[in-house]
Amino acid sequence: MNKRNAIKWIAAGAGWTAAAGALGLGLAGCSENKPNFNAVDLTGADYARDFKLTDADGKERTLADFKGKVVVLFFGYAQCPDVCPTTMTEMAQVKQELGKDGDKLQVVFVTVDPARDTPAVMKAYMGAFDPGFVALIPTPEQLAAIAKDFKVYYKKVEGKTPTSYSMDHSAASYIYDTQGRLRLYARYGAGVAPMVSDIQALLKS
């Protein structure tokens, strides 16, 4: 696009008066106002847009249920020895660090082990970190479908007995803004402070 056409394009959207400002300080201002996230920015991604799964109380849940809150969605399982409890502990700390905005954060935990993660198990597991965290329990068929849609990896690793198996799984979190739009992908181990900063930025946007 040449300079003449660029000016016409700006003028069409903002008017000739605004165009002069946009060519100068206006454009710089827009750049400065864009959030500088710590997590990977997925704004506009065409996957992981929603879910329809049952929680530990037997209620069907979707992202719309949490409108007005920043949602952090994580896939894991209750018998996970390290990644899952570490992530949930960090999310409890994040909620605490947010102070009065803590009630605007909703953590959602989708189990990749529905055979063992019964409603009673998941209620107790979420309660160990924060009673406000929501656990979702998909059927095996739902789990396969949502894993594909969310680009999540999970695989059963056989143990010494039929019930002592473990689950390999993706360890990152998806973060949605208050309108239910996918915005960020937070890798495991990023830390509490960066997560707090990103959530605060989303609450302000």
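Would you pick out the residues in segment 190-205 that are under 10 Å from residue 177 (Cα atoms), part of a helix (DSSP H, G or I) and touching a Ser or Thr at 6+ places or on another chain (Cβ under 9 Å)?
Correct list: 202, 203.
Where residues in segment 136-191 are β-branched (Val, Ile, Thr) and in contact with an Asp or Glu (Cβ under 9 Å, 6 or more places away or on another chain), which of them is nearest to residue 75 (Cα to Cα)? First the steps, then the outcome.
Filtering segment 136-191 for residues β-branched (Val, Ile, Thr) gives 137, 139, 146, 152, 157, 161, 163, 175, 178.
Now restrict to residues that are in contact with an Asp or Glu (Cβ under 9 Å, 6 or more places away or on another chain): 137, 157, 175.
Values: 137: 11, 157: 16, 175: 12 Å.
Among residues in segment 136-191 that are β-branched (Val, Ile, Thr) and in contact with an Asp or Glu (Cβ under 9 Å, 6 or more places away or on another chain), the one nearest to residue 75 (Cα to Cα) is 137.
Residue 188 fails exactly one of the following numbered conditions: (1) surrounded by fewer than 17 Cβ atoms within 10 Å (Cβ to Cβ); (2) among the hydroxyl-bearing types (Ser, Thr, Tyr); (3) closer than 16 Å to residue 113 by Cα. What is the number of that condition?
(3)
Please work out if residue 162 is within 30 Å of residue 58 (Cβ to Cβ), of a type outside the set (D, E, K, R) and either at pLDDT 95 or above or surrounded by fewer than 20 Cβ atoms within 10 Å (Cβ to Cβ) (or both). Give the derivation first.
On the way: within 30 Å of residue 58 (Cβ to Cβ): yes; of a type outside the set (D, E, K, R): yes; either at pLDDT 95 or above or surrounded by fewer than 20 Cβ atoms within 10 Å (Cβ to Cβ) (or both): yes.
Criteria met by residue 162.
Taking the residues in segment 66-84 that are out of contact with any helix residue (DSSP H, G or I) (no Cβ under 8 Å at 6 or more places or on another chain) and within 17 Å of residue 168 (Cα to Cα) as candidates, determine which candidate is surrounded by the most Cβ atoms within 10 Å (Cβ to Cβ).
Within segment 66-84, the subset out of contact with any helix residue (DSSP H, G or I) (no Cβ under 8 Å at 6 or more places or on another chain) is 66-67, 73, 79-84.
If we keep only those that are within 17 Å of residue 168 (Cα to Cα) as well, we get 79-84.
Numbers: 79: 16, 80: 20, 81: 8, 82: 9, 83: 17, 84: 24.
Among residues in segment 66-84 that are out of contact with any helix residue (DSSP H, G or I) (no Cβ under 8 Å at 6 or more places or on another chain) and within 17 Å of residue 168 (Cα to Cα), the one surrounded by the most Cβ atoms within 10 Å (Cβ to Cβ) is 84.
Of all residues in segment 84-101 being aliphatic (A, V, I, L, M) and under 16 Å from the mean Cα position of the chain (by Cα), which is farthest from residue 116 (Cα to Cα)? Talk me through it step by step, then tell me what you get.
Step one: of segment 84-101, the residues aliphatic (A, V, I, L, M) are 88, 91-92, 94, 98.
Next, from what is left, pick out any that are under 16 Å from the mean Cα position of the chain (by Cα): 88, 91-92, 94.
On the way: 88: 19, 91: 23, 92: 24, 94: 28 Å.
Looking at the filtered set, the residue picked out is 94.
Do you know which of the residues in segment 85-115 that are over 16 Å from residue 195 (Cβ atoms) and in contact with a strand residue (DSSP E or B) (Cβ under 6 Å, 6 or more places away or on another chain) is surrounded by the fewest Cβ atoms within 10 Å (Cβ to Cβ)?
113
Considering 68, 58, which residue is in a loop (DSSP other than H, G, I, E, B), more than 15 Å from the chain's Cα centre (by Cα) and either closer than 22 Å to residue 183 by Cα or touching a residue at least 24 places away in the same chain (Cβ under 8 Å) (or both)? Please lay out each step first, then the result.
Details: 68 fails: more than 15 Å from the chain's Cα centre (by Cα).
Unique residue meeting the criteria: 58.
The values are calculated or read from the model by the stated rules, or taken from the named source; none is laboratory data. Because the structure is predicted, anything quoted here is derived from the model rather than measured. Here Cβ is always computed from backbone atoms with ideal geometry, including for glycine, and neighbour counts include all displayed protein chains.
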